[in-house]
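For reference, the structure is listed below as structure tokens.
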Amino acid sequence: MPFTQLQQSIERRFAAGSAAAVDPAAMDDFLALRAALESGQLRSASPEPASPTGWRVNAWVKQGILLGFRLGVLEDFPPAGSPSCALSFVDKHTFPARHFSASEGIRIVTGGSAIRAGAYVARGVVCAPPMYINTGAYVDEGTMVDSHALVGSCAQIGKRVHLSAAAQIGGVLEPVNASPVVIEDDVLVGGNSGVYEGTIVRKGAVLAAGTILTRGTPVFDLVNGTILRATEDLPLIIPENAVVVPGSRAITRGKGHPNSDAWGLSLYAPVIVKYRDEKTDLSTSLEDLLR
């Protein structure tokens, strides 16, 4: 089925609400969508040079994923692990864990990781346990998803990205026109970092350990003397090759309390301290970049 037909069918069934669940053909449409997502032929968001962000949200794809949840019923999945400590799972039958073969060139190291149906994982990706990639996500070639890292639903991860231990990449399914988090090529996301609410991190950027980025987080660019913020129409966008570290900004004025200036409080503030040189080797450590 051409994707234009699939799109029309998904949109129609999604608009039908609960009535779609009684239509046997609805499951066929969902399974076609899920297979296209897993093969990388479809994405919940796609590169779009003409867009102000460089990305286009494919709302109908997200509608199709939500349709899968609507069609799914709770099912017992086979226990995983050794017989003495097997773990049991119950989930919608439309979103089981994916299984891979060695011929696909993806390393999923033993130890409790899972990749949900509907997620695309490219050749050369390495998954260190335990980590999780949710449905609708796109993880491109050569990326490392380290221990305790999360790739949320519909998040877009580029080539040769390093998601360090405990990095959290937020997901989004609703509203369907909301932009997912995008991590472009050659980005290093440090340990215990979090990127949420549609933030876009341009290629080559480095997020130091502990950096948190949200739609409401202003980012202070020391190099250019500017403050980066999301707007009503655009998400927070971290520039190409920016090196971002966790910082703080002093609270110089309080509201409603006469002693607030004396408290010496400060708020978390991510800071761009430098930009990577284009000639910087991709293997350069974070410590070298920040030295």
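The values are calculated or read from the model by the stated rules, or taken from the named source; none is laboratory data. None of these values were measured; they are calculated from a predicted model. Using ideal geometry, Cβ is built from the backbone for each residue, glycine included, and neighbour counts are taken over all protein chains shown. Side chains are part of the model used for accessible areas, which takes the heavy atoms of the whole protein and leaves out ligands, DNA and RNA. Shrake-Rupley method; radii C 1.70, N 1.55, O 1.52, S 1.80 Å.
Only one of the numbered conditions (1) open to solvent by 70 Å² or more (accessible area, probe 1.4 Å); (2) modelled with pLDDT under 95; (3) part of a strand (DSSP E or B); (4) under 22 Å from Val139 (Cβ atoms) is not met by His99, and that is (3).
Being more than 13 Å from the chain's Cα centre (by Cα) and within 14 Å of Ala137 (Cα to Cα) is the filter here; which residues of segment 156-175 pass it? The one that is more than 13 Å from the chain's Cα centre (by Cα) and within 14 Å of Ala137 (Cα to Cα): Lys159. Residues in segment 169-206 that are at pLDDT 95 or above and β-branched (Val, Ile, Thr): Ile169, Val181, Val182, Ile183, Val187, Val189, Val195, Thr199, Ile200, Val201, Val206.
In segment 190-216, the qualifying residues are those that are hydroxyl-bearing (Ser, Thr, Tyr) and more than 18 Å from Pro52 (Cα to Cα), and the one that is surrounded by the fewest Cβ atoms within 10 Å (Cβ to Cβ) is Thr214. Can Val73 be described as surrounded by 19 or more Cβ atoms within 10 Å (Cβ to Cβ) and either of a type outside the set (D, E, K, R) or touching a strand residue (DSSP E or B) at 6+ places or on another chain (Cβ under 9 Å) (or both)? Answer is no for this residue.
Restricting attention to segment 217-241 and to residues that are among the acidic types (Asp, Glu) and more than 16 Å from Val273 (Cβ to Cβ), the residue that is most open to solvent (accessible area, probe 1.4 Å) turns out to be Glu232.
Selection over segment 150-168 of residues that are surrounded by 20 or more Cβ atoms within 10 Å (Cβ to Cβ) and in contact (Cβ under 8 Å) with a residue 40 or more places away in the chain gives a count of 5. If you go through segment 169-189 and keep only what is buried (at least 22 other Cβ atoms within 10 Å of the Cβ), over 17 Å from Arg56 (Cβ atoms) and in contact with a helix residue (DSSP H, G or I) (Cβ under 9 Å, 6 or more places away or on another chain), you end up with just Leu188. How many of the residues in segment 123-145 are more than 21 Å from Trp60 (Cα to Cα) and in contact with a helix residue (DSSP H, G or I) (Cβ under 9 Å, 6 or more places away or on another chain)? The number of residues fulfilling the criteria is 1.
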